[in-house]
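Just below is one structure, and these are the notes that go with it.
The values are calculated or read from the model by the stated rules, or taken from the named source; none is laboratory data. Remember, predicted model here, so these are calculated numbers, not experimental data. Cβ placement follows ideal geometry from the backbone for every residue including glycine, while neighbour counts extend to all protein chains displayed.
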Amino acid sequence: MSEVEKLPKKMIKLKWNDKDLEVPEGTNLLGAALNNGIKVAHYCYHPGLAVAGVCRMCMVEQQGVPRPFPACNAVVAEGIQVRNDTKQIKDAVEWTLQFHLLNHPLDCPICDQAGECGLQDYYMKHGQYDSAMIDKKVHKKKVQDIGCDVVLDAERCILCARCTRFVDDVTKTHELGIVNRGDHAEISVQKELHNDYAQNLVDICPVGALTSKDFRFKQRVWFLEDVESTCIGCETGCSVKISQNKSGAYRVRPIVDSEVNGFWMCDDGRKIYKHLSTPGRLVGPMVFKNSMFLPVAESEIKEKIKSKNIKFILSAGLSNEEYQSFFKEFKNIKNITLYQLPKTGAEFDGILKRADKNCNLRGAQKAFKLAGADSSEEAMKKMLDTLTSQDALFVVMPEIVYDHDNYASFLSKIKKAGLRVALTTDDMRSEFSDFHFLLPVPTFLEKEGHIINYQNKERKLNKGRSYGASDRNVGDWAHLFH
Amino acid sequence: MILNKELYRHHGHLKGLFIALRITIKTMIMNLTGMEKRMTINYPEEKYFYSDRFKGRHVLTVKEDGTLRCTSCMLCATYCPADCIHIIASNNDDPSVEKAPVSFEIELLRCVFCGFCEEACPVDAIRLTGEYEMAGHSEQEWVMDQHYLAYRPLLSGGKGIVSTVDDHNRLKLRL
Amino acid sequence: MSIANKADYQNFTLLSYHHIPSVHHLEIFEEAGGYEMMKKCFTLDPEKIKEEVKNSGLRGRGGAGFPTGVKWGFFSKDRNQRKYLLCNADESEPGTFKDRYLLEINPHILVEGMIISAFALGTQRGYIYIRGEFYEQAMILEKAVKDAYKRGYLGKNILGSGFDFELVVHRGAGAYICGEETGLISSLEGQKGRPKLKPPFPAIKGYRGLPTIVNNVETLAAVPWIMRCGAAAYKKWGTEKSPGTKLFSISGDVNRPGVFELPLGIPLIEVIEKHCEGVREGNKLKAVIPGGSSAPIFTAEIAKEVRMDYEDIAQKGSMLGSGAIIVLDETRSIPDILKWTLEFYHHESCGQCTPCREGTGWMEKIFKRAEQGEGKLSDIELLDKVAFNMRGRTICALSDAAAMPTQGIIKAFRGELESYIKIQMKNR
Amino acid sequence: MKKFEFNTANKKKYQELLTHYDDIQSALMPVLHLAQEQHSWLSPEVVAHISELMGIPEIKINEVISFYDMFYDHPTARNVVQVCTNITCSMFGGREIHKGILDHFQLHNMRPSQDGKLYIQKMECLGACEMAPCMRINNIYEGHLTLKTAVQKLEVLP
């Protein structure tokens, strides 16, 4: 944020229907209404994109202006009186919606958008319940895989042009365009999508024209509940919501957060839900026996490590609270080091993605410093070099690993330790065969806590549903092996 | 309990007995001669036919080509008050079908036969039939999968019940 | 040179040179008195030229009839700012061919008009956006521009006046919507010709986000005459609110179709009877479309009373538009006209705003259904309703242009439509 | 697929066209006209070449091509014939002429003939209503047609 934007803006008073609004100068008229909780039907307007003014749903009347105009193409002015509840406007919205639905295939039963679809929502509110349309509809291409896990259905499209504006304005990759004229106009893709933010297209599409291949047909949206949390994919720490229900977690979507991520999030961040409800989630301690993991009693592990020298390698993805409780329990700070995920990709891609994949490196460093431990990579390397068969090494596994080569080489160095225990969420990775025991820890969605992002801002992790053993975090296990 | 105190006081219980016997014998003769319809039937040999509106065991209808009509929109599962319908949907390679169930299960033991699923279905894919004979030992036998629901031998000899409701319009106009 | 080769400023403004053979050559045009006014204008104060045009009451000849002087008044006065003057020669309103006729014979009058206007407005660059179909006309125009460059009338420091003006002929490629001001700008920018949201208006933010004036060929071509003979002389023609002359392109069932320059306010019947020598084969007049296909139709009764100026036509429920008069005689079927109109707008809708994109297609479908005998009498009501709800709901006026003639035909010829639907039902 | 490139004369014209405009995107339409003059239609190779040449995303060029009636994204023929079927021309039989010549040459609308001679396109108003019914044969207007004269005019084409 620049300094100019931080300055308090002049507030402007206006009247929307009978409600008095007070908004900063220069606000979009439709945006002003939406921000103040007034529900106005709209498709093409998106606060994060340029104004297109093509859906014609947000028509308003203003006192002293002869013709109705779309609110999205107006800026607030002092003392204006705007109405969208007159009969004229209501008729206009009703008919415009009818026009929108004219060539819509109405395949809601097989459409993933059903339940959160703009057409359905406004139809319930503004629809003409008996359509006068009995003519043949215009058919366009259905089920086109346009790359980046996005599926395009041109028939469902209402040509609001949000997607084309997104690839033009935000990612600047220009893969999408609207070809042809009139009611044969349709979204077309040049070869295929090739950007790291393609899944945002699915979010901004107000209808079911763009759907996610990853989420496609897995669940109906009304079975899902959203848990607001923070993305742990990289140090950016975008605000996200994870959709889940009792059978699992299904998708991740961004939450509007002007301070961190704005309206978007990257496609890598969309994958952070995948390990939450895998079948391999641990429900209790496991032992590696006969080349497979079997449940084991805690006392057995306790027995094994009794005479050993306990060492810990923490990951940089735990919450501040977990570090705190861990350091409270485990005082032998010389035996604690930190494993940092290596940087991958460009330092910063200009939109959101950052190379540093440790979501809470700053929190970890702070906690280490506070406890007097050494969080540097050298300290970790030194510990790895000095491992002996007398050591019991506890490794807190990072929840998501990007650079598997680097991680494998890290694991190859721990074999010198006599006893190796991993604190992890699931047993799905092949590298686990190097360990003698696995101990379950909660995933990021199974604990309350905070992490610190690249701006040194505290970001909140919230607790959602649990799909494995989540009652004991890293600190609690440390307590067990005193 | 004496139904008619007055009758009993005037005629005593003997006469009452005869009045009752007369009704019994009259009904027996009427039934034997077929002058009056019997309420009971010889069940396993004879079957009672309920009205078409009876809500018995479910059936999944099929299209003319024999595939399931169900598009797995999950509206039935959504409306089911007993939470007894479990559907797993998947992508179908045929773009005109797009979505079809890979698994459609109904737990009959949970089902309350309310018929909401039938009403919720937008494509006439699920119906409640007149079948009322249900028996089973283990809990597993009470879970019907989509194969049983659509192609059990009772339904046109395993071919399933073909439904073409709205198909004409849907395919012609894709309304 | 004989008298006949002098321009006729007495009877014509735009067509003053049209009687001169080969006037598209620069030398002949100059000999007849062309480019004289341009040279004189360089000595004048630009504001004075603007003032004169404003006083003349010249109105935009493209269709909307917005006063040109007022439009120029909104324009930035900063002469150093990059600004553009666009000439709209994308004449695609069905029935209109006046600009083609004007440019074919006398391209220099437009070039002269544009130089004077550009000098008045202080624009450094001008484009003539000519529709793609007019290939020959574009070539003629390009040659005229090239000649003018050679003569030093265009380019840097024109005739030592210190004024720079570059003029480029830009060919369209066949899209009706590019005749709309902002659609034309989009098209010129190398995009789809989709109209842009207003506000901001082009005079503030137009081509490439810079101030831009878009004027019709006829409007710009009238400027030299106004400067020569004065606003007062121009005002002698026409009515008080619609001064001047206008090119009328008349086609359809008349004996002599063509382009005529006539003063505004002339009775329509006089145009048909006197200038076009009456309805063909002595047939009876049935209806007249007075302003191109987007103008609501007039029945013969109204056509006999109406005067061809902006106000009188508007008052009688139609519009002057581009001055394209299509005359229909008694042998013509109104439903056919409606069908062709609907087809046209369906084909030409740019597909941006929903009411127009879907509405134009729907109206055609409704009519085609009736044509195949599957119509209902209530379809007329439906058409009317759809048309009504397309009006005033979109970015540009194409939606209105499709709705107005539909509503007009329904209003004026409902009986014929009803019987048409009934006959088609029977014939099925 | 053959790679498309402007020939020497057109390369020069292309450079000249760029000087007419203040930004390169504005020159797109004239460049497409130029390419179409050389190649008769705007094939994917042409689009790819222009995209590379002008630095405009291909999709933006495809948008423009699909938007305008006179840019062809499919093969045309040596002679492109556009028949007007708007109000005035239809009144005097423009539609019958269009259908008639299609039937006579056994063609479909907007499909080139087998021998690559004819390509017939139905157009909305060509702006020549005084000579209705009219058509354009390779950019030249022909008016006051009948089916017979139209067929005659097309038959003599190379």
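Would you check which residues across segment A:70-97 are touching a helix residue (DSSP H, G or I) at 6+ places or on another chain (Cβ under 8 Å) and within 28 Å of C:Ile366 (Cβ to Cβ) and list them?
A:Pro70, A:Lys90, A:Asp91, A:Ala92, A:Val93, A:Glu94, A:Trp95, A:Thr96, A:Leu97
Of all the residues that make up segment C:370-411, how many are in contact (Cβ under 8 Å) with a residue 40 or more places away in the chain and of a type in the set (A, V, I, L, M)?
Final tally of qualifying residues: 11.
Would you point out the residue of segment A:346-373, among those that are of a type in the set (D, E, K, R) and over 19 Å from A:Ile451 (Cα atoms), that is surrounded by the most Cβ atoms within 10 Å (Cβ to Cβ)?
A:Asp349
Consider segment A:350-406. How many of its residues are charged (D, E, K, R) and either on the phi > 0 side of the Ramachandran plot or not in a loop (DSSP other than H, G, I, E, B) (or both)?
11
Within segment B:48-102, how many residues turn out to be hydroxyl-bearing (Ser, Thr, Tyr), within 10 Å of chain A (Cβ to nearest Cβ) and either closer than 16 Å to B:Gly115 by Cβ or within 21 Å of the chain's Cα centre (by Cα) (or both)?
Looking only at that region, the number is 1.
List, please: which pairs have Cβ atoms under 6 Å, are six or more places apart or on different chains, and start with a residue in segment A:284-298 that is β-branched (Val, Ile, Thr) and end with one that is part of a loop (DSSP other than H, G, I, E, B)?
A:Val287/A:Val296; A:Val296/A:Pro285
So, in segment A:289-311, exactly how many residues are in a strand (DSSP E or B) and within 20 Å of A:Asp426 (Cβ to Cβ)?
5
If only one of A:Asp130, A:Asp168 is free of Cβ contacts under 8 Å to residues at least 12 places away in the same chain, within 14 Å of chain C (Cβ to nearest Cβ) and surrounded by fewer than 20 Cβ atoms within 10 Å (Cβ to Cβ), which one is it?
From the options A:Asp130, A:Asp168, the qualifying one is A:Asp130.
Does C:Glu52 count as modelled with pLDDT of 90 or more, charged (D, E, K, R) and touching a Gly at 6+ places or on another chain (Cβ under 6 Å)?
It is false that C:Glu52 is modelled with pLDDT of 90 or more, charged (D, E, K, R) and touching a Gly at 6+ places or on another chain (Cβ under 6 Å).
Checking the structure you have, find out if any residue of segment C:289-299 is touching a Ser or Thr at 6+ places or on another chain (Cβ under 9 Å), part of a strand (DSSP E or B) and not polar (S, T, N, Q).
There is at least one residue in segment C:289-299 that is touching a Ser or Thr at 6+ places or on another chain (Cβ under 9 Å), part of a strand (DSSP E or B) and not polar (S, T, N, Q).
So which helices (runs of 4 or more DSSP H) are wholly in segment C:318-428 and hold at least 3 residues that are surrounded by fewer than 23 Cβ atoms within 10 Å (Cβ to Cβ), at the interface with chain A (Cβ under 9 Å from one of its Cβ atoms) and not β-branched (Val, Ile, Thr)?
Passing ranges, in order: C:354-371, C:378-390.
Test each condition in (1) surrounded by 18 or more Cβ atoms within 10 Å (Cβ to Cβ); (2) closer than 30 Å to D:Glu58 by Cα for A:Cys117 and report the one that comes out false.
With (1) surrounded by 18 or more Cβ atoms within 10 Å (Cβ to Cβ); (2) closer than 30 Å to D:Glu58 by Cα applied to A:Cys117, the lone miss is (2).
Suppose we keep only residues that are part of a loop (DSSP other than H, G, I, E, B) and surrounded by fewer than 11 Cβ atoms within 10 Å (Cβ to Cβ) within segment D:1-43. Which one would you say is nearest to the chain's Cα centre (by Cα)?
That would be D:Asn7.
Is there a residue being in contact with a helix residue (DSSP H, G or I) (Cβ under 9 Å, 6 or more places away or on another chain) and crowded, with 24+ Cβ neighbours inside 10 Å anywhere in segment C:42-52?
For segment C:42-52, residues in contact with a helix residue (DSSP H, G or I) (Cβ under 9 Å, 6 or more places away or on another chain) and crowded, with 24+ Cβ neighbours inside 10 Å: absent.
Okay, residues lined up against (1) modelled with pLDDT of 90 or more; (2) under 22 Å from A:Asp226 (Cα atoms):
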| position | (1), (2) |
| --- | --- |
| A:Ala417 | no, no |
| A:Asp426 | no, no |
| A:Ser430 | no, no |
| A:Leu439 | yes, no |
| A:Thr443 | yes, yes |
| A:Glu446 | yes, yes |
| A:Lys457 | yes, no |
| A:Lys463 | yes, yes |
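Restrict the check to segment C:209-222 and report whether at least one residue is over 19 Å from the mean Cα position of the chain (by Cα), touching a residue at least 60 places away in the same chain (Cβ under 8 Å) and outside the structural domain of C:Gln315 (by TED's automatic domain parsing).
Scanning segment C:209-222, I find at least one residue that is over 19 Å from the mean Cα position of the chain (by Cα), touching a residue at least 60 places away in the same chain (Cβ under 8 Å) and outside the structural domain of C:Gln315 (by TED's automatic domain parsing), so the answer is yes.
Among the residues of segment D:119-158, how many are among the acidic types (Asp, Glu), out of contact with any Gly (no Cβ under 7 Å at 6 or more places or on another chain) and without any contact (Cβ under 8 Å) to a residue 24 or more places away in the chain?
The number of residues fulfilling the criteria is 2.
Could you grab me the full set of residues in segment A:142-161 that are within 17 Å of A:Gly53 (Cα to Cα), surrounded by 24 or more Cβ atoms within 10 Å (Cβ to Cβ) and either without any contact (Cβ under 8 Å) to a residue 12 or more places away in the chain or away from chain D (no Cβ under 13 Å) (or both)?
Listed by number, the residues that qualify are A:Ile158, A:Cys160.
Looking at segment D:63-158, what helices (runs of 4 or more DSSP H) fall wholly within it and have at least 2 residues that are within 14 Å of chain C (Cβ to nearest Cβ) and in contact with a Phe, Trp or Tyr (Cβ under 8 Å, 6 or more places away or on another chain)?
Here the list reads D:87-91.
Being more than 21 Å from C:Asn216 (Cβ to Cβ), outside any loop (DSSP other than H, G, I, E, B) and more than 14 Å from chain D (Cβ to nearest Cβ) narrows it down to one of C:Lys286, C:Lys304, so name that one.
Result of the check over C:Lys286, C:Lys304: C:Lys304.
Exactly one of these conditions fails for B:Met39: (1) in a loop (DSSP other than H, G, I, E, B); (2) within 11 Å of chain A (Cβ to nearest Cβ). Give me its number.
(2)
One residue is enough: does segment A:322-336 have a residue meeting the conditions over 17 Å from A:Leu480 (Cα atoms), in contact (Cβ under 8 Å) with a residue 40 or more places away in the chain and not aliphatic (A, V, I, L, M)?
No: segment A:322-336 contains no residue that is over 17 Å from A:Leu480 (Cα atoms), in contact (Cβ under 8 Å) with a residue 40 or more places away in the chain and not aliphatic (A, V, I, L, M).
Between residues in segment D:89-109 that are within 27 Å of C:Ile325 (Cα to Cα) and residues that are among the small types (Gly, Ala, Ser) and part of a loop (DSSP other than H, G, I, E, B), which pairs lie under 8 Å by C-beta distance while being six or more apart or on different chains?
Pairs found: D:Cys89/D:Ala132; D:Met91/D:Ala132; D:Phe92/D:Ala132; D:Gly94/D:Ala132.
Every residue, every condition in (1) surrounded by fewer than 14 Cβ atoms within 10 Å (Cβ to Cβ); (2) of a type outside the set (D, E, K, R), yes or no:
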{"position": "A:Lys15", "(1), (2)": "no, no"}
{"position": "A:Asn28", "(1), (2)": "no, yes"}
{"position": "A:Ala33", "(1), (2)": "no, yes"}
{"position": "A:Val40", "(1), (2)": "no, yes"}
{"position": "A:Tyr45", "(1), (2)": "no, yes"}
{"position": "A:Ala52", "(1), (2)": "no, yes"}
{"position": "A:Met59", "(1), (2)": "no, yes"}
{"position": "A:Gln63", "(1), (2)": "yes, yes"}
{"position": "A:Pro66", "(1), (2)": "yes, yes"}
